[in-house]
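The values are calculated or read from the model by the stated rules, or taken from the named source; none is laboratory data. Bear in mind the structure is a predicted one, so any value in this text is a computation, not a measurement. A quick note on method: Cβ atoms are made from the backbone with ideal geometry, for glycine too, and the neighbour counts reach across all protein chains shown.
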Amino acid sequence: MKRLFYTISSLVLLCASAQAQESVYPAKEYKGKLYITNGTVHVGNGTVLENATVEVNNGKIVKVGSGIAVPADDVKVFDAKGKHVYPGLILPNSDLGLTEIGSGVRASNDNVEIGDFNTNVRSITAYNADSRVINILKGNGILLSSVAPEGGIISGSSSVVQLDAWNWEDAAYKMDAGIHLTMPSFIQRFGRRGGGGFPGGFPGLGGAPVDPAKQALDRVEAIKNFFREAKAYLQESNHANTNLKLEAAKGLFDKKQKLFVHGDQVKQMLIAVDFVKEFGFDVVIVGGSESYQIADLLKANNIAVILGEEHSLPATEDDDIDQPFKTPAALQKAGVLFALNDNSANTRYRNLSYNAGTAATYGLTKEEALSAITLNAAKILGVDDRTGSLEVGKDANIIVSEGDILDMKSSTIIMAFIQGRKVSLENKQTQLYDRYKTKYGIK
Amino acid sequence: MRKLKLLFSGLLFASLLQAQESFPVNGVADKRDGCYAFTNATIVKDAQTTIANATLVIRDGKILALGAGVAIPKDATVIDCKNKFIYPSFIDIYSDYGITAPQRAQGGFNFGGPAQLTSNTKGAYGWNQAVHPEVDAVRQFVVDDSKAKGLRDLGFGTVLTHVKDGIARGTGAVVSLANEKENLVIIKEKASAHYSLSKGTSSQSYPGSIMGSIALLRQTYMDAQWYKNKPAKEGVNLSLQAWNDNQGLPQFFDADDKWNDVRADRIGDEFGVQYIIKGGGNEYQRIKEIAATKATYVIGLNFPQAMDVEDPNDARAVSLGDMKHWELAPTNPAALEKANIPFCLTVSDLRDQKSFLTNLRKAIEMGLTETKALEALTKTPATLLGVYDKVGSLETGKQANFIITSGPVFAATTNILHNWVAGEKYGIKEDAWSEVKGNYTLTINTVAGPVKYALDVKNASTANVIGKDTLTGKFTHDGKMVKLSFSPIAARRPQAPVGGGTPGGPGAGGFGGGGRGGFGGGAAATQYRLSGVSNGNYWSGTGEDTAGNKLTWSAKLDSVYLAANTDSTQRRRAGNQRLAKVTYPFDGYGWEEAPKQESILIKNATVWTNEKEGKLENTDVLLKDGKIAKVGKGISADGAKVIDGTGKHVTAGIIDEHSHIAAASINEGGQSVTSEVRIADNLNPEDINIYRQLSGGVTSSHILHGSANTIGGQTQLIKLRWGANDEDLKFKGSDGFIKFALGENVKRTTATQGNNRFPDTRMGVAEVLNDAFARAKDYEKAIKLDPKTRRDLELDALVEILNKKRFITCHSYVQSEITAALRVGDKYGFTFNTFTHILEGYKVADKMKAHGSSASTFSDWFYYKVEVTDAIAYNAAIMQKVGLNVCINSDDAEMARRLNQEAGKIVRYGGVSEEEALKMVTLNPAKALHVDNKVGSIKVGKDADVVVWSENPLSIYAKSEKTIVDGIVYWDREKDLEQRKKIQAERFRLTQKMIGEKRTGGPGAVRPAEPSWQILLSCGDHEHEDGLYTVELHEGESKDK
């Protein structure tokens, strides 16, 4: 009998002999069946199954539920008794693999390209599948991410990647899933009015006041013109001058790509409706600090939202001091499709599940909060046919945790599977932990 | 012809100039005595004394006599001032009239650019470019009549002018606003000395912060004292010499904000100086603290304009605090008066100085008495400057500086007619000299003989002609020229439509508006068109009737309307207005009434004691007199307020070992060693993040200097007493600490144009430490040997460290730099009390333990910069297991609201027990800060700094329901919900009021809505999770917009 049985003792996994991150290998493809048994299965769509089993065959989920027989066969079985089983978390917008070290090392950053209309720029081509950050995120249950370029007005296309790969082609889960646009700001910039002051002032920021709304609208018109010209260009296949920028907008008109509009202000988001009405684009708001104020309008126009870091300060001094925490509940109530994100440059997005936890503290149910970092994100990124929930037919992107992953103290991830491959949870941090436990003789 | 004209005007100008004795005369001598008598006037000698029907006599620019029944010299030119008022002209005590505004050198100060470590001023001056007490305004002063005229038009005759630049600005001069040669307008050459917290045009890197400016002033006071003994090694220092020379003068401090007022006053207190403080117009928000300074204030009248908040999205960005200030700013002078704080008024802050009198009237409407207003513009400034013997009131022998007005000077309808400076007349509104309003007899010499009409002149553009009917004619009177046209015969309608009626139009019989539109339709009528010249009470001229007959006419004044006496009605109106309340702090979440200390009994909770008792179930905690009085079961309430703690958790308040909130500046990066600067000098108790952090259970925060330099500034431990003033925010009786920093930031890794400030490597950082303490040791010895040794505040702080009177919190990341620092400490015999950030602490935990350091770190930060690439989330757990006292800190205004959760992460990363994890944000930081005898655990006798949590405090689902400091409930989740409603209601009221202003105020009544930016000061180390209207400022960046 070749049946392999794994009891789950997480520390054994973590205490594997110290290796450099270079020796943390992407997992090999696993053909055949595997079972994760007896866990509390959080499907991701709101359903929780106690004492349930997930059956995986050739990387796909084939059964979920209780009473699933585990054959005495050549299969892998993972006992998750007392543990919680979740869909792999999805980081819905990030610079993962593009920015290695945020500050002070320009050479390590490939997230911002020069130019205003970079429709043709593709984040996937710079995605570094060996980034040190990636393995750490897996340790926090994040198995997929959308990787987006930044800067300019149209920054380029994002791709969805899975986080256990040899290279970017290997990592690509959905290539060029969306085009990213930063909506011009309608807010007067800080320091625009003044000059002088203590002690240095902002040299060069003084001068004649500009009307920020007018300036923004001028830029919006330029963006629309770009799309109008792209639309015309795409009507004709034969061009004397090939224009890569216009060509790259095709996916938006074909609805093969979504338009991810980055903006936090009400007016920015309302302008985004224009892109639905005039061009028929699928629009997703990224940021959405003030989205709770227009939740009904977003719903009416079928606009989804990827909220920015929830652990943020209130936008204004007078705002409810917990406003960012309760914004997800407002969107949920209005029926807006939304995902939660972690943008924190200090923790490099590892706290995604705790953003969901805070949303659960301030008005979402725990399962709604989970959906906001799994199934909702998959829907928004257009990969919900393959991932985002533990449902039959989807990829076996699964994590198993000691307890509630939304709450930090119980959220230790003990297993993770991507497309049925059991991936290593080792990373530079676990390796250094191990190294110094050895030094001090700590258990 | 043209040439002649020019010559003529040239002559006219010359005649205004008094000849100065030593100057040659080109032409025939034209000395005049300038003797004038102003008769029949109401003379306001000073704010207290008014003489009716009096005469003022002047000669040679001086007042010769004044009073009722004063003899008029024969050679006096008599000016009849019937119905006129005469006041002493105003004094602006805060002017830079006649001074060219200094410009910052090309390029200027740039925080990303190379450091400028020494002064660019050439000559035998001091080391800091912003300290130039040697500048004398009198030497730069040049008469500028266009500027002078602007001030004279407002009623000013004298100003104190100075160079508004730098921290020590030099002396000011009292000058008159006469258009004369400079020699003759200077009243007092050195009348004042001036200071500020702003380095102005100085391009030198130091100081780069408010606390740096304060430290520089403090040091300069000491240096100047020391310089009095002419220390040989200092040579000649003209700046210190001037500083000493200036000390006898009135000392002015441009503070420009309520908290800076208080800060400035404290500097003065240290050195026995009482400053006259130039305020910021928001003094009413902290009037008690302002009164306690016992300073005289100089107050501007720059009331904020209403904003255009019609668009709710724009309105949203404007804070309630800014809206309230818009409404209440005009109450500032009245608030000062009510609190018996002496003050002067100045034009200097106004963007449009023409609004001075309008704004002053607004202040009077809001309760400022006219007596006080006049005093603030005359006697008070003159007395402060020691020139009351010359100006500031109307008395014999004083300068003939006065204004003649058409009525009481502060009444809305009053015009300033003349402004006399040193006996010379400057016409302001000559055309209004004759009060046009009144009843006249109009005589028209028609072909049929003279016809008389009564002419009732309402104002310069409206008049009624009264014959059989009252007719409104087209009328203009521009002071000298008069035009009038009217039809003497009533139209067919029984009542003449007066003005504005459209011939044949609808609206029969209606009174048209304004009377400018000619006459109503009707039968062909004779119409007179008259034009003439006003000679005051008598007008005469020529005209024509509709038949083309030429005629002459005259009009003579019969009786005058007097300007309505002021403003009791207006003031009554203001008294009835509903106005915003001053809250503490002055923003939405401030208190109208501060919460009080209570006896509180928390019943039946799970109590995390942090003591040997551990976690106690179903336990009561009694808080009394600000202390924890009892912990146990079945404690009787005995009058205490009872909180049901069933199902809830009680912990000691969270202590944030590393915070940058509640300060006006954080980083003084001007030099590598700035141990002289003190966060305590610039606490900001109005930071909204105090309140927000209370909601996360934080009760104490250690406010650290930033990490811009190796030896940073002295820190301040505070308690989050929301609503307290800066002084009361301090955690009393706590040990002094100081911030050190190592690594990337102090070697200025991110300097955009390279770094020229030592150190540039970690090798250099270690040497900065070595050098500083070597100097400190030498200094300590020198002071002991010779008490006359120059006091050096920078080294004083280091000596305190050597003597274990001050303790270090050291920003640090990598093991090499940590070890190097430890060895410097060992060498000089001091301990690095705490290493903060310390993300590689796990690599050298044993060494830190041996040295005796605490560690204060982040739970799970990594990879935000090169020096944290080896950061691991297991750091705290390893250090704790090695035996270090480990704290988890925020260094982040947002995350500080969730430090309990950060502690929860330590359970997850490395398996520390829950109770030990909680200690990392309570008891352990108390130990690191040497206050564990007062706070950090639930123990009888300790401060009642306690949090009631909805559940296990390490859980993400836990909320602080009540946060209590000193037995005072500063955070109450239910009350917060009420407060939100109040904020909404008050915002609504003020928004409506501003919209009203926009609708009724005409064009230009409102300015575009300006977002109220929330300023976050940061150590400059990493990103923060900011809100939409939040601005993060780093080293050297300005808080001012």
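Residues that are within 39 Å of the chain's Cα centre (by Cα), under 20 Å from B:Leu117 (Cα atoms), loosely packed, with under 15 Cβ neighbours inside 10 Å and not aromatic (Phe, Trp, Tyr): does the stretch B:756-772 have at least one? Within the stretch B:756-772, one or more residues are within 39 Å of the chain's Cα centre (by Cα), under 20 Å from B:Leu117 (Cα atoms), loosely packed, with under 15 Cβ neighbours inside 10 Å and not aromatic (Phe, Trp, Tyr). Selection of helices (runs of 4 or more DSSP H) fully inside the stretch B:301-374 by the criterion of at least 1 residues being over 29 Å from B:Gln1014 (Cβ atoms) and among the small types (Gly, Ala, Ser) returns B:332-338, B:356-365.
Could you grab me the full set of residues in the stretch B:385-402 that are in contact with a helix residue (DSSP H, G or I) (Cβ under 9 Å, 6 or more places away or on another chain), touching a residue at least 40 places away in the same chain (Cβ under 8 Å) and not basic (Lys, Arg)?
Going through the stretch B:385-402, the residues in contact with a helix residue (DSSP H, G or I) (Cβ under 9 Å, 6 or more places away or on another chain) turn out to be B:387-393.
Narrowing further to those that are touching a residue at least 40 places away in the same chain (Cβ under 8 Å): B:387, B:390-393.
Residues satisfying the conditions are B:Val387, B:Val391, B:Gly392, B:Ser393.
Residues are listed down the side, and each one gets a yes or a no for (1) closer than 24 Å to B:Ala663 by Cβ; (2) in contact (Cβ under 8 Å) with a residue 24 or more places away in the chain; (3) of a type outside the set (Phe, Trp, Tyr):
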{"site": "B:Asp726", "(1), (2), (3)": "yes, yes, yes"}
{"site": "B:Leu729", "(1), (2), (3)": "yes, yes, yes"}
{"site": "B:Gly733", "(1), (2), (3)": "yes, yes, yes"}
{"site": "B:Gly736", "(1), (2), (3)": "yes, yes, yes"}
{"site": "B:Ala741", "(1), (2), (3)": "yes, yes, yes"}
{"site": "B:Asn745", "(1), (2), (3)": "yes, yes, yes"}
{"site": "B:Thr752", "(1), (2), (3)": "no, yes, yes"}
{"site": "B:Pro759", "(1), (2), (3)": "no, yes, yes"}
{"site": "B:Met763", "(1), (2), (3)": "no, no, yes"}
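Restricting to the stretch A:74-117, what's the tally of residues that are out of contact with any Phe, Trp or Tyr (no Cβ under 8 Å at 6 or more places or on another chain) and either within 21 Å of A:Val161 (Cα to Cα) or aliphatic (A, V, I, L, M) (or both)?
Start the filter on the stretch A:74-117 by keeping residues that are out of contact with any Phe, Trp or Tyr (no Cβ under 8 Å at 6 or more places or on another chain), which leaves A:74, A:80-87, A:89-90, A:92, A:95, A:99, A:104-116.
With either within 21 Å of A:Val161 (Cα to Cα) or aliphatic (A, V, I, L, M) (or both) added as a condition, the list becomes A:80, A:85-87, A:89-90, A:92, A:95, A:99, A:105, A:107-114.
Matching residues across the stretch A:74-117 total 18.
Answer yes or no as to whether B:Tyr813 is within 14 Å of chain A (Cβ to nearest Cβ), modelled with pLDDT under 95 and under 28 Å from B:Thr750 (Cβ atoms). Spelling it out, it is not the case that B:Tyr813 is within 14 Å of chain A (Cβ to nearest Cβ), modelled with pLDDT under 95 and under 28 Å from B:Thr750 (Cβ atoms).
For residues that are touching a Ser or Thr at 6+ places or on another chain (Cβ under 7 Å) and at the interface with chain A (Cβ under 9 Å from one of its Cβ atoms), tally how many sit in the stretch B:894-908.
Step one: filter the stretch B:894-908 for residues touching a Ser or Thr at 6+ places or on another chain (Cβ under 7 Å), giving B:894, B:896-897, B:899, B:902, B:904-906, B:908.
Next, from what is left, pick out any that are at the interface with chain A (Cβ under 9 Å from one of its Cβ atoms): B:894, B:897, B:902, B:904-906, B:908.
Selection size over the stretch B:894-908: 7.
Among strands (runs of 3 or more DSSP E) entirely within the stretch B:43-105, having at least 2 residues that are touching a Lys or Arg at 6+ places or on another chain (Cβ under 8 Å) singles out B:62-67. The set of residues in the stretch A:165-217 being in a loop (DSSP other than H, G, I, E, B), modelled with pLDDT of 85 or more and over 15 Å from B:Glu1010 (Cα atoms) consists of A:Ala165, A:Trp166, A:Asn167, A:Met183, A:Pro184.
On inspection, A:Asn301 passes the criterion of being of a type in the set (S, T, N, Q) and more than 14 Å from chain B (Cβ to nearest Cβ).
Scanning the stretch A:397-443 for residues that are buried (at least 22 other Cβ atoms within 10 Å of the Cβ), within 8 Å of another protein chain (Cβ to nearest Cβ) and assigned to a loop (DSSP other than H, G, I, E, B) yields A:Leu406, A:Asp407, A:Ser411, A:Thr412.
Scanning the stretch B:246-282 for residues that are of a type in the set (Gly, Ala, Ser) and more than 11 Å from the chain's Cα centre (by Cα) yields B:Gly248, B:Ala264, B:Gly268, B:Gly272.
Out of B:Asp860, B:Asp891, report the one residue that is acidic (Asp, Glu), under 25 Å from B:Asp932 (Cα atoms), within 14 Å of another protein chain (Cβ to nearest Cβ) and touching a residue at least 24 places away in the same chain (Cβ under 8 Å). Don't jump to the end; show me each part of the working.
Working: B:Asp860 fails: under 25 Å from B:Asp932 (Cα atoms).
It is B:Asp891.
Got at least one residue in the stretch B:144-166 being part of a helix (DSSP H, G or I), within 25 Å of the chain's Cα centre (by Cα) and not charged (D, E, K, R)? Yes, because at least one residue in the stretch B:144-166 is part of a helix (DSSP H, G or I), within 25 Å of the chain's Cα centre (by Cα) and not charged (D, E, K, R).
Scan the stretch A:337-357 for residues that are among the β-branched types (Val, Ile, Thr) and in contact with a strand residue (DSSP E or B) (Cβ under 6 Å, 6 or more places away or on another chain) and jot them down. Spell out how you get there, then give the answer.
In the first step, residues of the stretch A:337-357 are kept if they are among the β-branched types (Val, Ile, Thr); the result is A:347.
Within the stretch A:337-357, none qualify.
If you go through the stretch B:191-216 and keep only what is more than 19 Å from B:His705 (Cα to Cα) and of a type in the set (A, V, I, L, M, F, W, C), you end up with B:Ala191, B:Ala193. Considering (1) assigned to a loop (DSSP other than H, G, I, E, B); (2) under 43 Å from the mean Cα position of the chain (by Cα); (3) touching a residue at least 24 places away in the same chain (Cβ under 8 Å), the lone condition that B:Ser955 does not fulfil carries the number (2). All of (1) at the interface with chain B (Cβ under 10 Å from one of its Cβ atoms); (2) touching a residue at least 40 places away in the same chain (Cβ under 8 Å); (3) within 16 Å of A:Ala359 (Cα to Cα) hold for A:Pro328 with one exception: (1).
Hey, could you check the stretch B:878-888 for residues that are more than 9 Å from chain A (Cβ to nearest Cβ) and of a type in the set (A, V, I, L, M, F, W, C) and say which is nearest to B:Pro953 (Cα to Cα)?
Just the residues of the stretch B:878-888 that are more than 9 Å from chain A (Cβ to nearest Cβ), to begin with: B:879-880, B:883-888.
With of a type in the set (A, V, I, L, M, F, W, C) added as a condition, the list becomes B:879, B:884, B:886-888.
Details: B:Met879: 22, B:Leu884: 23, B:Val886: 18, B:Cys887: 16, B:Ile888: 15 Å.
Residue satisfying both the conditions and the ranking: B:Ile888.
State whether the residues of the stretch B:971-979 include one that is in a loop (DSSP other than H, G, I, E, B), away from chain A (no Cβ under 12 Å) and modelled with pLDDT of 95 or more. Scanning the stretch B:971-979, I find no residue that is in a loop (DSSP other than H, G, I, E, B), away from chain A (no Cβ under 12 Å) and modelled with pLDDT of 95 or more, so the answer is no.
For the stretch B:114-122, does any single residue satisfy the condition of being away from every other protein chain (no Cβ under 11 Å), of a type in the set (A, V, I, L, M) and within 23 Å of B:Asp254 (Cα to Cα)?
Our first condition is that a residue be away from every other protein chain (no Cβ under 11 Å); within the stretch B:114-122, this holds for B:114-122.
So of that shortlist, the ones also of a type in the set (A, V, I, L, M) come out as B:115, B:117.
So of that shortlist, the ones also within 23 Å of B:Asp254 (Cα to Cα) come out as none.
Scanning the stretch B:114-122 turns up no residue that is away from every other protein chain (no Cβ under 11 Å), of a type in the set (A, V, I, L, M) and within 23 Å of B:Asp254 (Cα to Cα).
Would you check if B:Gly967 is at pLDDT 95 or above, crowded, with 19+ Cβ neighbours inside 10 Å and in contact with a strand residue (DSSP E or B) (Cβ under 7 Å, 6 or more places away or on another chain)? Answer is yes for this residue. Scanning the stretch B:980-1003 for residues that are more than 30 Å from B:Trp949 (Cβ to Cβ) and within 14 Å of another protein chain (Cβ to nearest Cβ) gives B:Ala985, B:Glu986, B:Arg987, B:Phe988, B:Arg989, B:Leu990, B:Thr991.
Scanning the stretch B:319-355 for residues that are under 25 Å from B:Asp96 (Cβ atoms), surrounded by fewer than 24 Cβ atoms within 10 Å (Cβ to Cβ) and of a type in the set (S, T, N, Q) yields B:Ser348, B:Gln353, B:Ser355. Note on the stretch B:916-952: among residues that are of a type in the set (S, T, N, Q) and part of a loop (DSSP other than H, G, I, E, B), the one that is nearest to B:Ser856 (Cα to Cα) is B:Thr922.
If the condition is being crowded, with 23+ Cβ neighbours inside 10 Å and not in a strand (DSSP E or B), then the stretch B:264-285 contributes B:Ala264, B:Tyr275, B:Gly279, B:Glu283, B:Tyr284, B:Gln285.
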